1. Could you tell me whether residue 104 is among the hydroxyl-bearing types (Ser, Thr, Tyr) and in contact with a strand residue (DSSP E or B) (Cβ under 8 Å, 6 or more places away or on another chain)?
2. Only one of 147, 168 is within 21 Å of residue 286 (Cα to Cα), open to solvent by 20 Å² or more (accessible area, probe 1.4 Å) and part of a strand (DSSP E or B). Can you tell me which?
3. Restricting the range 112-134 to residues that are in contact (Cβ under 8 Å) with a residue 40 or more places away in the chain and under 14 Å from residue 97 (Cα atoms), which is nearest to the chain's Cα centre (by Cα)?
4. Just to verify a result, which residue in the range 317-354, among those that are within 13 Å of the chain's Cα centre (by Cα) and of a type in the set (Ser, Thr, Tyr), is nearest to residue 286 (Cα to Cα)?
5. Given the conditions (1) in contact with a Lys or Arg (Cβ under 6 Å, 6 or more places away or on another chain); (2) among the acidic types (Asp, Glu); (3) open to solvent by 20 Å² or more (accessible area, probe 1.4 Å), report the number of the one that residue 185 does not fulfil.
6. Would you confirm, using the coordinates I've provided, whether residue 141 is crowded, with 22+ Cβ neighbours inside 10 Å and at pLDDT 90 or above?
7. Quick one: would you say residue 119 is out of contact with any Lys or Arg (no Cβ under 7 Å at 6 or more places or on another chain) and either buried (at least 23 other Cβ atoms within 10 Å of the Cβ) or at pLDDT below 90 (or both)?
8. For the range 283-340, give me each residue that is assigned to a loop (DSSP other than H, G, I, E, B), among the polar types (S, T, N, Q) and open to solvent by less than 30 Å² (accessible area, probe 1.4 Å).
Amino acid sequence: MPSSPPAGASTEEDAAIATSAAADAGDPEPQRNKGRRRRKKRRPRAPTEEEVAARRLVLRWACPGREVATDDGQAAEAGRARVRRPRVAVELHAHSARSDGTLSPAELVERALRNGVKVFALTDHDTMAGVPEAVEAAKRHPIRIIPGVEISAVHSPSDGSGSGAEEPVHILAYYGSWGPARPQELERFLAGIREGRYARANEMLLKLGGLGMPIKLEDVCKIAGNGVAPGRLHVARAMVDAGFVEDLRQAFSRYLYDGGPAYATGSEPTGESVVQLVCRTGGVTVLAHPWTLKNPGAVIKNLKAAGLHGIEVYRSDGKVSGLSDLADTYELLKLGGSDFHGRDDKEEPDVGSVDLPVLSVFKFLEIAKPIWHNAIKEIFASMSERTTDLNGSNGFRRICSAGDFCILRLSSEDPDLTSASEV
């Protein structure tokens, strides 16, 4: 695990210098000076030593053995030239066709590579089925895949005041290269949520029918694809295909938004139980898009008590300051991602578009690595009781890397390999 950069590192950009000066409208000289001030560009600050060191360490983790030899020299030169702070392109929130995205996991990895992403987390809704394909696609490229999942849940006010109703929350779970420590326990949990998505989709269709927009569940499932639990996006696409709305944006803004006339909930677990499960199976938990919540403070407080590690603070349009303050209050990681789905929407943020500070990535790894290491220990302890030779016996193919093992564990139905029983 890399050593921490020196204390006192700042992750904030310097504040912009205000240049508003009163000018005399009758005097042309002040007007010319004002024009010069307007044209003058603000010089970016030099990167700190902590940022340069963090970038180097993150790159070494993301692309082991493939770092650019002149990386340190370039970073030092960047500091002398006073260019913008160093950055490592990271994507921690993206969806594939295995849930409600449009691209396959391999196509997503290719898109991430084109955009210069070095760390990519596939976080499909309530499934990790696409992770093996993403890992396989990334094998020959300088990019690190984080096995992830975005888990659907609900939050219920627990203060007894009755001042709020249940609202949906989504928990991002990030696992190490070897996957979750107890994959069968996690998969049973996710399978229950996916089953509830069929009932939820049917309820949404009933509501749409009552609004004069009849759509069949078979059509929605066909759009979702074989083995993919239908979600709101699939219902929205069916609405577009049927001509009831012009595009996906209209479907959501008029009918499918949280609490909308065609919105429905499924059989989602509580946010606290999701956080506890992910922690129990060796993952890092982050609250997704908290800016959509009605009372993010109460949700974050309750999830923190359950073991939450971080919240999304950064978006493609910058940092959400109020959420950043909440993260400071509860000592949570400040992360973010594009939430890319591949919709036909020019305004959708692209993969890798969120400018996540390199120190935030470094702090994420500081928290994650010990958790992932403990998960690996549990995996080995569990397997030592069930297998004697992973290099050929019992029908297993040779395993050459952590990536191979992740693929085997997440795609295997062999109970000896993926048993969820405790050690």
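The values are calculated or read from the model by the stated rules, or taken from the named source; none is laboratory data. None of these values were measured; they are calculated from a predicted model. Glycine also receives a Cβ, built like all others from the backbone with ideal geometry; neighbour counts cover every protein chain displayed. What goes into the accessible areas is simple: the full protein's heavy atoms, side chains included, and nothing from ligands, DNA or RNA. Shrake-Rupley method; radii C 1.70, N 1.55, O 1.52, S 1.80 Å.
1. In short, no.
2. Of 147, 168, the one residue that is within 21 Å of residue 286 (Cα to Cα), open to solvent by 20 Å² or more (accessible area, probe 1.4 Å) and part of a strand (DSSP E or B) is 168.
3. That would be 123.
4. The residue in question is 338.
5. (1)
6. no
7. no
8. Scanning the range 283-340 gives a single hit, 338.
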